[in-house]
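The values are calculated or read from the model by the stated rules, or taken from the named source; none is laboratory data. The model shown is predicted, which means the values in this text are computed figures rather than measured ones. Virtual Cβ from ideal backbone geometry, glycine too; neighbours counted across all protein chains shown.
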Amino acid sequence: MDRCIVLVDAGYLLGAAASLLAGEPSRSRITVDHAGLIQALRERAESDTERPLLRIYWFDGAPDRVPQPEHRRLRVMPRVTVRLGALTRSDGRWAQKGVDAAMHAELTELARNRACSDIVLVTGDGDLLPGMMAAKEHGVAVHLWAVQAADGDYNQSEDLVAEADERRVLDRVWITQAVRAKELTGVCPPSPAPRPEIAAILSAPLPDSALTTAERPAEQPAHPPAAAAAQNGAPERVPAAKGVPTPKDLAALRAPGTQTVQHPATATLRWSSDKGWVDRPGVVAEPPEAASLPTLAQLTTAEQRWADREEDITTVGGDPYEVGQVFARRWISRLGDQGHLQRLSQMYPRIPHRIDGELLRYAARFGLLAHKDDQIDEHDRYAIRAGFWREFDIPAAAEQHAPAGD
């Protein structure tokens with residue numbers, strides 16, 4: 001049929017683009033406008049082949065073949081099909097498994113079924129040579145596209161180049177339509193400036209129970225003398241230094257002689273949802289009214305759940321702070337009893353365990369889980385919860401009602 005199909009090896013395309021623009025093949029060194037890249041591929045394919053586009057196949061690797069945020073956005077774009085292989089780590093480096101085999105199978109199947117007259121291959125892998133030869137035998141014209149090599153040489157298999165019917169080079173000008181190198185200063189990338197809501201908990205004062213030996217006053221030694229410890233035949237155990245207060249630390253921040261917990265006005269929850277809140281000495285348990293707060297799942301209809309998925313795929317970028325905001329916005333908008341908002345605001349900066357666990361499970365959809373650890377990075381947890389509370393504007397309200405200083 002008189003139409004063209006594009007098969008893209010994303011590892012080759014983006015790795016070669018990173019080498020060209022950033023000097024190394026790591027995709028973390030570039031930012032990609034995927035919608036712009038897909039449009040540029042379509043226009044270039046239709047121009048080079050003089051055929052209308054049928055479809056773009058995007059082949060990439062992912063840990064455990066689980067779609068990452070970019071894959072979810074790509075696969076809902078018009079005329080884009082995503083095929084995922086495995087992404088494995090060996091000797092400190094990531095490697096794709098099964099991507100070239102999937103490309104080979106798709107290439108030969110399309111040619112055998114005469115689904116198109118022209119196929120564009122964006123790859124450099126010589127393993128696709130048999131598939132390219134089979135496609136040619138079925139009367140399909142094969143166009144091979146290369147990304148301009150950083151060193152001016154070929155970055156494709158010579159056999160692949162020799163067998164192609166047509167060959168084009170995607171030069172720097174074309175690549176930079178949708179791909180940019182991240183700006184780095186010095187040898188290491190700079191740490192991102194923390195948001196005020198995240199920085200607040202990092203600077204919150206610690207109670208005496210959380211201070212290390214070096215931080216305690218001299219008149220209140222944290223541990224028995226070394227000689228006393230030696231008499232018991234066991235080495236003295238020194239607690240690890242803690243630079244960030246936990247919810248337990250925050251709960252211990254009480255005003256003298258009162259039962260009121262003195263939380264920093266702009267503190268953000270740091271709580272491990274897999275353990276929840278536990279009754280311990282000196283720790284404030286979860287308030288009973290927290291059990292009456294409905295979860296987002298309980299407030300969401302089947303139609304809303306479908307619409308939420310569409311929004312997550314097409315508009316939510318996956319930034320942890322944004323993820324927290326989106327979750328809170330939906331929860332607030334679907335509450336029938338607005339008294340729940342008042343009850344939740346009184347719990348600030350704590351998030352009830354049921355809602356917090358649901359929030360983190362929602363965030364996990366956006367690829368925020370550390371591979372193989374099934375955990376979300378601690379800094380990302382701060383950002384997720386800060387975004388959640390920002391949607392309630394709790395920090396601003398706390399500042400307005402805070403007593404004036406002397």
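Quick check on the stretch 345-359: of everything there that is modelled with pLDDT of 85 or more and in a helix (DSSP H, G or I), which residue is surrounded by the most Cβ atoms within 10 Å (Cβ to Cβ)?
In the first step, residues of the stretch 345-359 are kept if they are modelled with pLDDT of 85 or more; the result is 351-359.
Of the ones still in play, those that are also in a helix (DSSP H, G or I) are 353-359.
Numbers: 353: 19, 354: 18, 355: 21, 356: 21, 357: 17, 358: 19, 359: 24.
Here the answer is 359.
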Inset, instruction - Give just the number: which of (1) modelled with pLDDT under 95; (2) surrounded by 17 or more Cβ atoms within 10 Å (Cβ to Cβ) does residue 186 not satisfy? - result: (2)
Inset, instruction - Identify all residues within the stretch 55-66 that are free of Cβ contacts under 8 Å to residues at least 60 places away in the same chain and either under 13 Å from residue 312 (Cα atoms) or in contact with a His (Cβ under 7 Å, 6 or more places away or on another chain) (or both); write none if there are none. - result: 60, 62
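Of all residues in the stretch 21-52, count the ones that are part of a helix (DSSP H, G or I) and in contact with a helix residue (DSSP H, G or I) (Cβ under 6 Å, 6 or more places away or on another chain).
In the first step, residues of the stretch 21-52 are kept if they are part of a helix (DSSP H, G or I); the result is 21-22, 27-29, 34-49.
Still in the running and in contact with a helix residue (DSSP H, G or I) (Cβ under 6 Å, 6 or more places away or on another chain): 22, 27, 29, 34.
So the answer is 4.
From the list 74, 84, exactly one residue is aliphatic (A, V, I, L, M) and either surrounded by fewer than 20 Cβ atoms within 10 Å (Cβ to Cβ) or not in a helix (DSSP H, G or I) (or both). Which is it?
On the way: 74 fails: either surrounded by fewer than 20 Cβ atoms within 10 Å (Cβ to Cβ) or not in a helix (DSSP H, G or I) (or both).
Selected residue: 84, the only one of 74, 84 that is aliphatic (A, V, I, L, M) and either surrounded by fewer than 20 Cβ atoms within 10 Å (Cβ to Cβ) or not in a helix (DSSP H, G or I) (or both).
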Inset, instruction - Go through the stretch 330-361 residue by residue and tally those that are hydrophobic (A, V, I, L, M, F, W, C) and either under 24 Å from residue 377 (Cβ atoms) or outside the structural domain of residue 390 (by TED's automatic domain parsing) (or both). - result: 5
Legend entry - Residue check, residue 112 in contact with a His (Cβ under 7 Å, 6 or more places away or on another chain), buried (at least 21 other Cβ atoms within 10 Å of the Cβ) and at pLDDT below 95: no
Inset, instruction - Kindly list, by first and then second residue, each pair from a residue in the stretch 21-35 that is among the basic types (Lys, Arg) to a residue that is in a loop (DSSP other than H, G, I, E, B) and surrounded by fewer than 18 Cβ atoms within 10 Å (Cβ to Cβ), limited to pairs with Cβ atoms under 6 Å and residues at least 6 apart or on different chains. - result: 29/182
Inset, instruction - Kindly list, by first and then second residue, each pair from a residue in the stretch 40-53 that is under 13 Å from residue 170 (Cα atoms) to a residue that is of a type in the set (Gly, Ala, Ser), limited to pairs with Cβ atoms under 8 Å and residues at least 6 apart or on different chains. - result: 40/178
Legend entry - In the stretch 33-50, residue farthest from residue 87 (Cα to Cα) [restricted to those that are surrounded by fewer than 19 Cβ atoms within 10 Å (Cβ to Cβ) and more than 31 Å from the chain's Cα centre (by Cα)]: 50
Inset, instruction - For residue 161, work out the one condition from (1) at pLDDT 90 or above; (2) part of a loop (DSSP other than H, G, I, E, B); (3) under 19 Å from residue 19 (Cβ atoms) it doesn't fulfil. - result: (2)
Legend entry - Residue in the stretch 262-315 that is surrounded by the most Cβ atoms within 10 Å (Cβ to Cβ), counting only those that are β-branched (Val, Ile, Thr), farther than 17 Å from residue 353 by Cβ and at pLDDT below 80: 266
Inset, instruction - Name, by its number, the condition in (1) in a helix (DSSP H, G or I); (2) at pLDDT below 75 that does not hold for residue 323. - result: (2)
